[in-house]
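Derivation of every value follows stated rules applied to the coordinates shown; laboratory data play no part. From a predicted model like this one, the values you see are computed outputs, not experimental measurements. Methodologically, a virtual Cβ is constructed for each residue, glycine included, from the backbone with ideal geometry; neighbour enumeration extends over all protein chains shown.
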Amino acid sequence: MPNASADSALDPTVLARRQAFGQRLRDLRTGAKRTQADVAAAAGLDRAFYVNVEGGKNNVSLDKVFALADALGVDVEELFTGLTR
């Protein structure tokens, strides 16, 4: 897979994947009856950044993926359950 460029953010597939990941985060967070601010703080993220991750606008690093899983009290695999390629 080639290196992602700034233009890849405009790719509909990339956007769809970010939105699906964000929706999965939202589902896990609301299922746990937690606020965006609470999860963001527990993961060491700025709340506005976290809101944009849930909204499918921000990309997250691998380190942040693990921090989000820890903050939600789930295994990292759970963040990707139900997502497709």
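State whether segment 21-76 is rounded, prolate or oblate according to the following rule on the C-alpha gyration tensor (a ≥ b ≥ c being the square roots of its eigenvalues): a/c under 1.5 gives rounded; otherwise a/b larger than b/c gives prolate, and the remaining case gives oblate. Rounded is the answer for segment 21-76, as its axis ratio a/c remains below 1.5.
Taking a Cβ cut-off of under 12 Å around Leu45, the surrounding Lys, Arg, Asp and Glu residues balance to a net charge of -3, with basic ones at +1 and acidic ones at -1. About its Cα centre, the chain has a charge dipole of approximately 260 debye under the convention of +1 per Lys or Arg Cβ and -1 per Asp or Glu Cβ, with nothing else charged.
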